[in-house]
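The values are calculated or read from the model by the stated rules, or taken from the named source; none is laboratory data. Given the structure is predicted, the values throughout are model-derived calculations rather than measurements. Every residue, glycine among them, receives a Cβ derived from its backbone with ideal geometry; neighbour counts consider all protein chains shown. For the accessible areas, the whole protein counts, side chains as well, though only heavy atoms, and no ligand, DNA or RNA atoms are used. Shrake-Rupley method; radii C 1.70, N 1.55, O 1.52, S 1.80 Å.
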Amino acid sequence: MPSKNLVLLVVAHQPYIRHVEDEEAHALENDMLFNSISNVYIPLLNTLRDADSRFSGSRFKISLVMSPTLCEMLSDEEIQGQYVAWLERRIALGEKEVARCADDGGMLRNASETLEKAKNDLSDFVEVYSRNIVKAVSDLAEAGRVELLATCGTFAYLPHYSDMTEVLNAQIESGLCSHRRFFGSLPDGFYLPYLGYSVGIERVLRSYGLNYSIVDGRSFFFSKDDVADGIFSPVRCEKFNQLVFFANDSESFAELREYSEKGVFKDDSRDIAFDLPVSDLSDFLFEDSARIPTGFRYYAKDSSLYDSAAAKKVADECASDFVAKKVGKIVEAEKLLCKDSTLVCTVPAEMLGACWSEGSSFFARVIEKVVRGGSGVELTGCADVLRMLKVMKVEPQLISLYPSSDSADGFCEDSLDSSNAWMIRYARKMSCRMIDIADRFPNDTGLKIRLLNLGAKELLLAQSGEWARMVHSGDDDDCPCFAEYAEEQFKEFIKSFIIVYDSLGSNTVSTEWLTRIERRHRLFPWMNFRIFSKKK
């Protein structure tokens with residue numbers, strides 16, 4: 001009997017932003033991560049743990065990507081301490097807010113709910129998860145409720161380096177090394193950042209023993225070949241390459257955005273941080289620092305007073321609609337194809353709480369409705385689908401994929417336009433230099449090794465796709481970006497790499513400078529610059 005599969009793939013990534021020494025000056029940048037921990041990662045863990053308990057007799061699995069830069073920040077003890085202090089300041093502000101709103105029933109209800117959530121977040125983070133969110137995710141993976149995929153070391157848009165195999169190797173290898181360090185295993189699947197595919201990437205992925213990846217639906221639709229099963233079955237690109245590609249359902253993200261805009265949902269842009277006098281926010285804000293969101297938001301998108309019960313009801317309706325659409329697609333495909341049908345839906349993690357407050361509630365209801373829906377659709381992972389096809393001896397169709405991405409109009413135009421084109425020029429030039437010095441200093445030791453490893457890390461950070469996208473976007477009211485900050489960070493990485501390159505050429509180095517930068521950028525302690533070497 002044909003099988004019906006739904007793959008929900010949550011993509012969690014954040015750029016490497018670490019400010020522990022100058023925390024007050026960068027409170028807004030640090031807030032990006034802290035807000036995500038409270039509104040995305042802790043609720044997601046709670047949802048999966050609750051589902052594991054409630055549906056213990058049912059088979060279900062969620063797929064998850066956690067980028068190496070995100071894992072590095074979540075595992076940093078100093079950042080963990082910052083987050084706890086941030087929650088404590090939020091709780092102190094909440095106590096004052098409850099007192100301030102005591103005479104207004106609706107405002108008091110909202111203030112009390114937000115305060116209670118902050119207290120629960122602190123309890124969950126410290127007591128339930130022992131400050132180690134990555135370990136909690138790993139435990140769920142071991143329990144079989146999460147299928148983890150690896151991704152690039154710094155979430156680079158790979159088609160920008162498609163002619164530089166050494167860069168592709170370095171990004172993929174650093175991602176796999178990081179994955180093994182945090183989760184203790186190597187995955188079957190690899191997530192291409194922004195679903196950026198160009199011809200030839202499949203050969204690099206397969207050379208690292210990976211079994212599958214995911215591309216945007218356009219890669220299937222625009223293929224020069226007739227794709228027999230559409231987006232409902234995986235395909236291969238080369239006759240002797242066993243790596244398969246699944247297609248993402250391109251409509252899912254637009255549907256999520258449409259749901260999130262409903263008037264009953266919380267208006268995340270209307271925060272008391274921008275309405276009250278600074279003196280009323282002294283328990284949360286640092287002295288003389290810029291105003292940053294507090295999380296205390298009392299109004300809905302339609303400007304009415306926010307009603308969490310009404311919002312939760314609408315989120316449930318949205319979940320029913322989403323599941324009905326996905327199940328309907330799968331069932332219809334099964335009828336037409338008379339064979340196994342699989343639909344992959346990628347879900348940006350920020351849509352589960354950071355950019356849509358009710359997103360976590362929505363996602364919990366989606367899982368419940370699929371598991372208990374009685375439609376015969378199973379919530380599973382791509383690796384399980386591949387194993388099933390192998391048992392059934394089904395050979396994926398051989399096609400030529402069309403280069404595409406899931407960003408902008410399908411080709412990641414927001415990563416390379418008039419606003420940020422200058423960045424790729426520097427990143428590619430530094431990549432050429434890194435490849436050169438990786439082969440020129442293969443057996444050096446001591447300070448030179450430290451310099452080379454630092455250069456490799458700074459280059460990987462410069463290659464991160466987030467900086468160009470921030471510069472392109474500027475400030476967005478829904479999901480804040482920081483154009484000036486991104487440009488400053490990118491230039492810092494490039495300058496650091498140039499210092500490394502010049503130091504190696506002149507055979508001199510400032511150990512004080514080297515130690516300072518190593519302390520500031522503590523990611524990838526296992527780094528070996530030889531990942532940029534040409535493969536012999």
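So here's what we get for this one:
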| read-out | value |
| --- | --- |
| Convex hull per residue volume in Å³, alpha carbons only, for region 322-365 | 70 Å³ |
| Bins of 10 Å, starting at 0 and running to the largest distance - Cα pair percent for region 194-248 | 24, 60, 16 |
| Electrostatic dipole magnitude of region 212-275 [Cβ: Lys, Arg +1; Asp, Glu -1; Cα centre; debye, to 20] | 300 debye |
| Residues listed by number, region 364-399, amide nitrogen under 19 Å from Val128 label point at 7 Å toward C-beta | 364-368 |
| Tail weight of P(r) past 33 Å, computed on alpha-carbon pairs of the chain, percent | 42 percent |
| Segment Arg519-Phe55, extension gain: residue separation times 0.36 nm, minus the distance between their alpha carbons | 162.6 nm |
| Square roots of 5 times each gyration tensor eigenvalue, C-alpha, region 55-187, largest first, Å | 38, 19, 14 |
| Share, in percent, of DSSP beta bridges within the chain that are antiparallel, nearest 5 | 15 percent |
| The chain: calculated mean residue ellipticity at 222 nm from DSSP helix runs of at least 4, using -39500 (n - 2.57) | -15500 deg cm²/dmol |
| Net charge over other residues, Cβ less than 12 angstrom from the Cβ of Gln242 (K, R count +1; D, E count -1) | +1 |
| Peptide ranges 454-462, 85-93, 10-18 listed from the most packed, as the mean C-beta count within 10 angstrom indicates | 454-462, 10-18, 85-93 |
| Å² of accessible area per residue within region 287-443, as computed with a 1.4 Å probe and no ligands counted | 45 Å² |
| Carbon + sulfur, % of accessible area of region 401-536 - ligands and nucleic acids excluded, 1.4 Å | 49 percent |
| Hydrodynamic radius by Kirkwood, which averages 1/r over all alpha carbon pairs of region 364-416, in angstrom | 14.9 Å |
| Calculated P(r) of region 1-59 - Cα pairs past 17 Å, % | 60 percent |
| Cα→Cβ-extended label distance, 7 Å offset, between Asp104 and Val391, nm | 5.8 nm |
